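The numbers here are math on the coordinates, done by the rules we state, and not lab data. Because the structure is predicted, anything quoted here is derived from the model rather than measured. In this analysis, Cβ positions are derived from the backbone assuming ideal geometry, glycine residues included, and neighbour counts consider all displayed protein chains.
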Amino acid sequence: MSLLELDDVSITYRIASGDVPAVRGVSLSLDAGAALGVAGESGSGKSTLAMALLRLLPRDARVGGRILLDGEDVLAMKWGRLRAVRWAEASIVFQGAQHGLNPVRRIGEQIAEPLLVHDLAKPDGARKRVAELLEQVGLPAWRARSYPHELSGGQRQRVMIAMALACSPRLIVADEPTTALDVMVQAQVLALIKDLVAERGISLIMISHDLSVLADVCDRLAVMYAGRVVEHGPSHEVFRDARHPYSSALAAAFPTVGDPVSRMAPKGLGGDPPDPMALPTGCSFHPRCPVALDECSSLDVELWPAGERRAAACVHVRAKEETP
Amino acid sequence: MTETQPAADTAAATAPATRRALLEARDLRVEFPSRGRRARAVDGVNLAVGEGEIVALVGESGCGKTTLARTLLGLERPTSGEVRYDGAVLDHGSKALKAYRREVQLVLQDPTGSLNPRHTVYEAVAEGPRIHGLAGEREIVAEALARAGLRPPERFFLRYPHELSGGQRQRVVIAGALALNPKVLIADEPVASLDASVRGEILALMLKLRQDLGLSALVVTHDLGLAWNIADRVAVMYLGRIVESGPVEQVLTAPRHPYTQALMSVLPESPERVVLTGEPPDPTRIPGGCRFHARCQVLASGRAAEAGVDARCRSELLDVLPATPEAHVACHWARAVEPAPEGAGA
Amino acid sequence: MTSVAWDRRKLALGRFWSDFRRQRAGMAGLVVLAVAVVLALIAPLFIDENVTSVVTGTGARWAPPSLDEPFGTDESGRSILLMAWWGSRTSLLIGFLAALLSIVIGMVVGIAAGHFRGWAGAALMRVTDWFLVLPSLVTALVLAAILGGSTFTIIVAIGVTTWPSTARLIRAQTLSVEARPYIERSKALGGGHWHITTRHVLPNVAPLLLASTTLEVASAIVTESTLAFLGASANKTSWGTMLRGSYDYGAATEGAWWYILIPGLCILAVVMAFTVAGRALEAVLNPRLRKAGA
């Protein structure tokens, strides 16, 4: 059975000037111990979706559909149950590690906090656990006595991961965990996340705009555009051989060094992401699509099978699959 | 506005090997006090950007690449060494600097922060021409916006930055620089804070500007893919010094310095990873010998000892690399294991 | 094109006004202020300086409030109502001009101290600190005594002693503006000190200045009254000199509560009005108190 199941999830923000649909009917599932990458540009709804998994959205957001964590609907949980779930079963690692830590408290206290709050440990045991966690994320135990400003960006991100691991959750949601980091430090943090998934059987949902990073860490990828999943499938297949023109544009944005095709030829996507309050008719990607047909402006294509365990929401995919 | 220039093609964009150096750093050093010690942010750098050439300056944060860029712009004074533009040493007097601003312009990483939220697009682009008292402000602004790909320009005049997308904001910043009709653009991580899909568009714009206007560029980045996408030459910086430089094809397909090799290996889809441990060391405590030796995977694995250079790695300083266009590397091991050493090296 | 720019400004102003209107206390303060200022401006159409003259007092001495004299009379038979009306001119004038002087000094010193790093900025801040620790009331008293009593010297005395807090505030704001990347961009475009301070820093500190000016006027009116009460006055009738008079002639022992109460209430009303209007302005204009955007 899958650990996490999203069933037709829609999220709408209610603001003064009307309703903003941020996520429109997303269905995804994640097996225990698997890693799913969610890609998309800012405004695609990927972060909103991540926040909704633990019901961390602001009050003006309306969530529809069902989010099942281990068969239990997160949206229907009582407050007390939700609090328990937030640390013990699923925890989140935010982007921008410098703001996630309290600058005037020691690292150790901050990591131990969820343990003490949830009565999972006595102060003595918590100290031991903190040392263990720090070691797991590759930091020496004496770092527990440091303040956040004494750590570098990469070390702070490691601390954030240690905090997420504190209550041994089964699912970690990582929202752009490496965006602000340098290449080398990013590689270190990604290696750490990969190890955690592989060795401890933790499930992972990772969110990023960098398809290459996701393909590196995750088994499966889902690409979001304008609040919808436009393609999903095994990550290397989606990255190397995308079926949806938007996924291929995202994949081409990060060239392979040494590939003569991309030399002196940066690939980009024209136009801007659509305004969620005024989405284009038909396929919402068609104004920017390099291979759009006339019918795309009126025809809204659903996800269509595009090979084994793959699907893409594009008229070209449907055409190919219909004519064997 | 009619646009009749042909699209950029690979052959025309590739640079000839010998170009006159337009902007040059000669044995540049920049130090500043940091927590009671001297930080040697730039510790002896020779670097040249030729006419119509795009050079990528690659390195991790804290390696001094941004300080080097700021010094080349005249925003920071060198402790020693000199910045040369068009053969003449840069004069830090306020009048000379103001004239220099019309030749060398800046594009920053964060387009949102680079634009005053209270200024319209028109005001933001007109800022340079107004400072320099250029005539025909409206035409200059319209042309700069069109060049930066915001067409028709009139439609953007009265927009405020918060009404634009990230990519459009960066185009406004680029248009603001173009309004002064510069010869060199110094871009500090120009696409790092932009979405993946916009990234390629901005890079393509820089290539197009080079083709249409002959604009040279120094692009400061941590992204080797970017260097591969647009640069003619690449210089890899580590802890205040350039450790390897040369034509992009050469350096990025056959890196010689262990640090460049490590950077290449952490790119996605690279076969074997060399993840260096630790953070880049502190510019207030630059190690003796080769500055990279403490993190060097070649030294750690014993390959340097096999080549018989391990003692030199730990104790012998390396010379400052010259600014010439050929490939250079500052590494005892690379020089020892290569059969034919480069002309000036060793 | 310029007309479109104007439309934009009008729109921004309209948004500001609708935000401000939602601040109820601020609106009440603004109405009180408007009434006070209009009354002070139109006073010469109905009365003149004679209402404050001891020789032309028309009523009985120490007359309690009645239909003829709504607020009673003082020791010389002058009408308290007319004196308070005429006195509002001096009080408000001194309040506005002293606040303006204080704000201008504070702004220039604050921006300069924030903009010029190094020894110049540090020296300016030391001077500011020095003024800040001076007991301002005593300094103003001494200054007024040395310079002699005229409206102008009172304005100078108040202005010169109250600017340091403004300077501190503006410097802090200047420092935060100067840390933004667009300042770096402007420098790279060739912008000099004048360009950066006037085109980028000033528009960003202006809302703060406006809010702070309103509060400063209130405090200047109080200072003027205090100075007048302590004997350093402009020899013109103001609310402060009226209070001084009530004290000098023993209004309390005479039971003439109206002589004390009326100028006191005038000061209270105007100062309160300025303060709540200033707070409302601050709430509307200060981006840190507002939600992001706009």
Notebook entry, point to check: In whole Hz, what ³J(HN,Hα) sequence does the range C:267-277 give by Karplus (6.51, -1.76, 1.60; θ = phi - 60°), x for Gly and Pro?
Noted result: 4, 4, 4, 5, 5, 4, 4, 4, 5, 5, 5
Next item on the list: For C:Lys187, list the lysines whose Cα falls under 27 Å from its own Cα; do not include residues on the same chain fewer than 8 positions away.
Entry: B:Lys65, B:Lys95, B:Lys98, B:Lys183, B:Lys208
Check: Along the charge dipole of the protein assembly as shown, Cβ charges K/R +1 and D/E -1, which of B:Pro152, B:Leu207, C:Val31 sits furthest on the positive end?
Finding: C:Val31
Check: With point charges of +1 on the Cβ of Lys and Arg and -1 on the Cβ of Asp and Glu, referenced to the Cα centre of the protein assembly as shown, which listed residue (A:Leu28, B:Gly64, B:Ala227) lies farthest in the positive direction of the dipole?
Finding: B:Gly64
Check: Excluding B:Glu316 itself, what net charge comes from residues whose Cβ is under 15 Å from its Cβ, given Lys and Arg +1 and Asp and Glu -1?
Finding: +3
Next item on the list: Give me A:Glu308, B:Glu338 ranked fewest to most by other Cβ atoms within 10 Å of their Cβ, as a rough exposure proxy.
Entry: A:Glu308, B:Glu338
Next item on the list: For n ≥ 4 DSSP H runs only, could you compute -39500 (n - 2.57) per run for chain B, divide by its residues and tell me the 222 nm figure to the nearest 500?
Entry: -9000 deg cm²/dmol
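Test of understanding: what is the full-extension gain from C:Leu268 to C:Asp68, defined as 0.36 nm times their sequence separation minus their Cα-Cα distance?
Fully extending the segment from C:Leu268 to C:Asp68 adds 69.5 nm.
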Checklist line | Percent antiparallel among DSSP beta bridges (both partners in chain B, rounded to 5) | finding: 60
Note to self: I need the calculated FRET efficiency for the pair B:Arg38 and B:Ser270, taking r as the beta carbon distance and R₀ as 45 Å, to the nearest 0.05.
What the structure shows: 0.75
Notebook entry, point to check: By the scheme Lys and Arg +1, Asp and Glu -1, what is the net charge of all other residues having a beta-carbon under 15 Å from that of C:Ala218?
Noted result: -2
Next item on the list: Using only Cα atoms, locate the centre of the range A:145-185 and the centre of the range A:1-80, then give the distance between them in Å, rounded to an integer.
Entry: 23
Next item on the list: Over the whole of B:219-229, what's the average partner chain Cβ count within 10 Å per residue? Rounded to a whole number, please.
Entry: 4
Margin query: What is the angle, in °, between the Cα long axis of helix C:80-115 and the longest principal axis of the Cα atoms in chain C? Nearest 10 is fine, range 0 to 90.
Written below: 20
Notebook entry, point to check: Extent of chain A along each principal axis, from alpha carbon coordinates, in Å, largest to smallest?
Noted result: 67, 50, 40
Next item on the list: Pop the C-beta distance of A:Ser297 and C:Leu11 into the FRET formula with R0 = 22 Å and round what comes out to the nearest 0.05.
Entry: 0.05
Notebook entry, point to check: Taking the Cα atoms only, what angle lies between the long axis of helix C:2-21 and the longest principal axis of chain C, rounded to 10 degrees?
Noted result: 50
Next item on the list: Please list, or write none, the aspartates and glutamates whose alpha carbon is within less than 17 Å of the alpha carbon of A:Lys78, excluding same-chain residues fewer than 8 places away.
Entry: A:Asp70, A:Glu89
Check: Percent antiparallel among DSSP beta bridges with both residues in chain A, to the nearest 5?
Finding: 60
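Provide the gained length on full extension for the span C:Phe46 to C:Ala172, in nm with one decimal, where the gain is 0.36 nm per separating residue minus the Cα-Cα distance. It would help to have the intermediate numbers written out before the result.
Numbers: separation 126, 0.36 × 126 = 45.36 nm, distance 4.72 nm.
Net length gain for the segment: 40.6 nm.
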Margin query: Order A:45-52, B:144-151 from most to least packed using the mean count of other Cβ atoms within 10 Å.
Written below: A:45-52, B:144-151
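At a Förster distance of 41 Å, what's the computed FRET efficiency of C:Asn235 paired with C:His193, Cβ-Cβ distance as r, to 0.05? Can you show the working numbers first?
Working: r = 43 Å, r/R0 = 1.06.
Here the calculated transfer efficiency is 0.40.
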Next item on the list: Could you work out how far helix A:107-117 tilts from the main Cα principal axis of chain A, as a 0 to 90 degree angle to the nearest 10?
Entry: 90
Next item on the list: Return the calculated 222 nm mean residue ellipticity for chain A, to the nearest 500 deg cm²/dmol, obtained by summing -39500 (n - 2.57) across DSSP H runs with n ≥ 4 and dividing by the residue count.
Entry: -9500 deg cm²/dmol
Item checked: Spacing of the two label points (7 Å from each Cα toward its C-beta) at A:Glu199 and C:Ala34, in nm -> 7.2
Next item on the list: Kindly work out what percent of the DSSP beta bridges joining two residues of the protein assembly as shown are antiparallel, to the nearest 5.
Entry: 60
Checklist line | Charge tally in the Cβ shell below 13 Å around C:Leu92, where Lys, Arg are +1 and Asp, Glu are -1, C:Leu92 excluded | finding: +1
Checklist line | Cα-centre dipole for the protein assembly as shown with unit charges at Cβ (Lys and Arg positive, Asp and Glu negative), debye to 20 | finding: 1760
Check: chain C: Rg/Rh from Cα coordinates, Kirkwood Rh?
Finding: 1.06
Checklist line | Number of partner chain Cβ atoms within 10 Å, mean per residue of C:190-202 | finding: 3
Check: What 222 nm value per residue comes from the helices of chain C, counting each DSSP H run with n ≥ 4 as -39,500 (n - 2.57) and dividing by all residues, nearest 500 deg cm²/dmol?
Finding: -25000 deg cm²/dmol
Note to self: Under 10 Å, Cα contacts only: if you run a Gaussian network model on chain A, which one of A:Val74, A:Val229, A:Val173 comes out with the highest mean-square fluctuation?
What the structure shows: A:Val74
Notebook entry, point to check: How many Cβ atoms of partner chains, on average, are near each residue of A:184-193 if near means within 10 Å of its Cβ?
Noted result: 5
Next item on the list: For C:Lys10, list the lysines whose Cα falls under 24 Å from its own Cα; do not include residues on the same chain fewer than 8 positions away.
Entry: C:Lys291
Margin query: Testing the spin-label approximation: label points 7 Å from Cα along Cα→Cβ at A:Glu113 and B:Arg151. State their distance in nm.
Written below: 5.3
Checklist line | Over the protein assembly as shown, equivalent-ellipsoid semi-axes from the Cα gyration tensor in Å | finding: 61, 36, 30
